[in-house]
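Colleague: What follows is a single structure, and I will ask about it in a moment.
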Amino acid sequence: MTFREFKAILHQYAGHAVQFDFLAGGQIEPHFHVTEVGKVTRDFIDCGGTRRSHELCNLQIYVANDVDHRLTAEKLHAIVGQAIVLQLNESLPVEVEYQQQTVGSYVISDHTVLSDRLTFLLKSKQTACLAPDQCGIPALSVLTGEACDRESGCC
C-alpha cells in the first residue's frame, strides 16, 4: 500500500478505530501507539555487485501498558500528516515496524472495514537473493516450484 493510499483510507474512515492484523494470524494489541513516521532510504550493493536503492515510509508501532488507549483513523491521519516535513513521496510503500521477539517489519497488504473498525492487514517481509544467477542459486519453476535448469526454459 502506498503512502497516498494509506492516507486516503484513514481520511475516508476518520471515525473508525484502527487495528493491525497479521495475515499469518493474530493482531497488534488495540492499545498500540504510533511512535514514529519516517522516511527510510537503503542504499546497498547486492550479492551480484549491482548498486540498488530502496525508499519507504515506515510506521513504528509501540504497545505500552495504557490498555485503554485507542487510536482512531482521524488521529492517525493527523500523526501521519506531520510527516509532511519529511517530504515523503506519496508513491512510497508503507511498512510497519513492531516489537515482538525482535523488531519485525511488515508491509501493509490491504485493509478491511467492518462496522466501526478499520483493519490494516500486515504481511511479513521476506528476504530474497537479488542476483541468483551470480550466486549459483537455482531458479525455481513457476509451475512446480522446484529447481530447474535456466537453459531448459522451464522457468
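Colleague: For helix 3-12, report the angle its Cα long axis makes with the longest principal axis of the Cα atoms of the chain; keep it between 0 and 90° and round to the nearest 10°.
Modeller: Value to nearest ten degrees: 30.
Colleague: Taking every DSSP beta bridge that has both residues in the chain, what percent is antiparallel when rounded to the nearest 5?
Modeller: 75 percent
Colleague: In addition: What number, in percent, do you get for the relative contact order of segment 23-131 if the mean sequence gap of Cα pairs under 8 Å and at least 6 apart is divided by its residue count?
Modeller: Contact order relative to length: 26 percent.
Colleague: Still on this model: If I take all pairs of Cα atoms in segment 3-124, what percentage of them are more than 26 Å from each other?
Modeller: Value for segment 3-124 (Cα pairs over 26 Å): 21 percent.
Colleague: What residue among THR119, THR127, THR50 has the largest mean-square fluctuation in a Gaussian network model of the chain, using Cα springs under 10 Å?
Modeller: THR127
Colleague: Determine the gain in length on full extension of the stretch LYS39-GLN101; use 0.36 nm per residue of separation and subtract their C-alpha separation, reporting nm with one decimal.
Modeller: Full-extension gain reported as 19.9 nm.
Colleague: Using a simple spin-label model with points 7 Å from Cα along the Cα→Cβ vector, what separation in nm is obtained for ILE137 and ALA24?
Modeller: Label-label distance for ILE137 and ALA24, simple model: 1.8 nm.
Colleague: Shifting gears a bit: For the chain, what is the mean residue ellipticity at 222 nm derived from helices alone (per DSSP H run of n ≥ 4: -39500 (n - 2.57); sum divided by total residues; nearest 500 deg cm²/dmol)?
Modeller: -4000 deg cm²/dmol
Colleague: Let me know the charge dipole size of the chain about its Cα centre in debye, to the nearest 20, where only the beta-carbon of Lys, Arg (+1) and Asp, Glu (-1) is charged.
Modeller: Charge dipole of the chain: 260 debye, to the nearest 20.
Laboratory data are not the source of any read-out in this text; all were calculated from the coordinates shown. Remember, predicted model here, so these are calculated numbers, not experimental data. Note that each Cβ is placed from the backbone with ideal geometry, even for glycine, and that neighbours are counted across all protein chains shown.
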